[in-house]
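Only one structure is covered here, and it is reproduced in the block below.
Derivation of every value follows stated rules applied to the coordinates shown; laboratory data play no part. A quick note: this is a predicted structure, and the numbers were derived from the prediction, not measured. Don't worry about glycine lacking a Cβ; one is built from the backbone with ideal geometry, like all the others, and counts go over all protein chains shown.
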Amino acid sequence: MNRSTHRRGFLQQTAALGASLAVFSELSADEPPKGANDRLVVAIMGTNNRGRDLARGFASRPDAAVAYICDVDERVIGKGVEAVGSDQPQPPKTISDFRHALDDPAVDALVIAAPDHWHGPATILACAAGKHVYVEKPASHNGHEGQLMIAAARAHQRVVQLGTQRRSAPGVIAGVERVRSGEIGKVLFARGWINSTRPSIGHGKPVPPPPQLDYVLWQGPAPDRPYHDNLIHYHWHWFWHWGTGELGNNGIHALDVCRWGLGVDYPQRVVCGGGRFHFQDDQETPDTQIATFHFGDRAINWEHRTWSRRGFEGSDFGIAFYGEEGSMVIGDKVCRWFDKAGKQVSESPAEHGGGEHIANFIDNVRSGGRPNADVEEGVKSTTLCHLGNIAYRSGRTIQFDPERRQIVGDDEAAQLWSREYRPGWEPKVYRIE
């Protein structure tokens, strides 16, 4: 599949998934999984921040190699090359357009650390090109893209791992297993939160993009918007056109563990409040947000304040499970266990699990299994973020049908389940020929 095919878009939409999925039986069961060789060869897409860490993480492993550093900003590419460093004898190629890497048969996987609006389209393109995918959180920019990502991974039998690394952290795994085994009784409520003091992004001015930046390719599937001097590289998070706010940025980490511990999938009802109370700048997303997700007889709550450090349970980031016989709180590096009276009775480790998460991805590419943060689980958790943001933006309670995976009874809110795309970039699922 060449670049012109990528640019023209995707061939079959959700309505045609039955035909795509039906071809599983036509694939040879004797053929080894893609990447089942000595080293998994990867291309890194986006290396300004998280991608740099991932480049270092993959390059430092004896069972992986970074073949490409892909970034639309020439000023950033060097960070990725530097992160690879001397960990491998062959330096990576540097390109601006990641689709060149998809055309290389030697590449086994695409590692996506580009902005949120690229996560879904790039994942679908990579699966269609026969590549496995490690994609940073949140899984997608909107709910519809997430469902297409699942379909693409299944249709093309690709391993797709979301970068919610606590799914591979031994201490967190052990803690969640203890919660699910009933150690603190029936768990009725879970909470996630983050409290930070982010700087203001100010009021940007429309200016020409820097000459080293391919702004057209940076926007990619998103409809064109004028470049402003307070947008790139990080502040795009706080604009709905490209980002998902703090709920999608950090909320996904906590909500994923909350949902995992409670053993729930999609919510039935979502309410959300908050606003831009502190920052008087160009941010569109809320600096204060409280969302509650109802799953019948249980619920999850999320809260963030990006202007105040004081959090819950003595931690500025955390996840807590409240059961009928006790509670468990996961902070940055430790799980704390409390009895029914609220007295702490024990502690256990809870590291982030970054290295283990990469190892889990590589192991499952080789075995053809499902990774710890498989795309389906990642999309379920990311859906909570999208529904919380839709409830906030619409100002209404959102009713969600978990079976049909769609907002019901509110056509206006349902419009936010998807988005408008640049012509030719509408994400669809490629049919396997």
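Below, the figures for the structure above:
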{"quantity": "Charge sum, other residues only, whose C-beta stays under 9 Å from Asn372's C-beta, Lys/Arg counted +1 and Asp/Glu -1", "calculated": "-1"}
{"quantity": "Neighbourhood net charge (15 Å Cβ-Cβ; Lys/Arg +1, Asp/Glu -1) for Pro206", "calculated": "-1"}
{"quantity": "Rounded to 10°, Cα long-axis angle of helix 252-262 versus longest principal axis of the chain", "calculated": "60"}
{"quantity": "Per principal axis, descending, Cα span of region 146-256 in whole Å", "calculated": "58, 42, 23"}
{"quantity": "Cβ-based exposure ranking for Arg404, Arg370, in which fewest neighbours within 10 Å come first", "calculated": "Arg404, Arg370"}
{"quantity": "Residue exposure sequence - Tyr392, Tyr227, Tyr134 - by fewest surrounding Cβ within 10 Å", "calculated": "Tyr227, Tyr392, Tyr134"}
{"quantity": "Calculated from backbone phi, Karplus (6.51, -1.76, 1.60) coupling profile of region 202-209 in Hz, x at Gly/Pro", "calculated": "x, 10, x, 10, x, 9, x, x"}
{"quantity": "Estimated FRET transfer efficiency when R0 is 60 angstrom, pair His100-Ala341 (beta carbons, to 0.05)", "calculated": "0.45"}
{"quantity": "Lys131 long-range amide H proximity, modeled H, under 5 Å", "calculated": "none"}
{"quantity": "Only Lys, Arg (+1) and Asp, Glu (-1) charged, at Cβ; the chain dipole about Cα centre in debye", "calculated": "280"}
{"quantity": "Shape category assigned to the chain from the gyration tensor of Cα positions, a/c cut at 1.5", "calculated": "rounded"}
{"quantity": "Dipole moment magnitude, nearest 20 debye, region 111-179 about Cα centre, only Lys, Arg, Asp, Glu C-beta charged", "calculated": "200"}
{"quantity": "Farthest toward positive dipole pole in the chain [+1 Lys/Arg, -1 Asp/Glu at C-beta], among Gln90, Ala413, Asn195", "calculated": "Asn195"}
{"quantity": "In order through region 270-286: 3J(HN,Hα) via Karplus (6.51 cos²θ - 1.76 cosθ + 1.60), integer Hz, x for Gly, Pro", "calculated": "9, 10, 8, x, x, x, 9, 8, 9, 7, 10, 9, 7, 4, 9, 7, x"}
{"quantity": "Under the Karplus curve 6.51 cos²θ - 1.76 cosθ + 1.60, θ = phi - 60°, whole-Hz ³J(HN,Hα) for region 181-189, x wherever Gly or Pro sits", "calculated": "7, x, 4, 10, x, 5, 8, 9, 8"}
{"quantity": "C-alpha long axis of helix 143-155 to longest principal axis of the chain, angle in °", "calculated": "60"}
{"quantity": "Lysine pairs meeting the criterion (Cα under 16 Å, 8 or more apart or interchain), as found in the chain", "calculated": "4"}
{"quantity": "For Ala373, residues with placed amide H under 5 Å, excluding near neighbours", "calculated": "Leu162"}
{"quantity": "Relative contact order %, region 375-429, counting alpha carbon pairs below 8 Å whose residues are six or more apart", "calculated": "22"}
{"quantity": "FRET efficiency estimate (nearest 0.05) - Cβ-Cβ, Asp38 to Val271, R0 60 angstrom", "calculated": "0.70"}
{"quantity": "Lys/Arg +1, Asp/Glu -1 at C-beta; region 158-228 dipole; positive extreme among Thr164, Ser181, Gly204", "calculated": "Ser181"}
{"quantity": "Given charges at beta-carbon only (K, R positive; D, E negative), |dipole| of region 321-433 in Debye", "calculated": "220"}
{"quantity": "Considering only the chain, percent of DSSP beta bridges that pair antiparallel, nearest 5", "calculated": "65"}
{"quantity": "Potential lengthening between Ala359 and Asp282 on full extension [0.36 nm per residue; Cα-Cα distance subtracted]", "calculated": "23.8 nm"}
{"quantity": "Amide H contacts of Leu40 (H built 1.01 Å from N, under 5 Å, at least 5 apart or other chain)", "calculated": "Ala64, Ala65"}
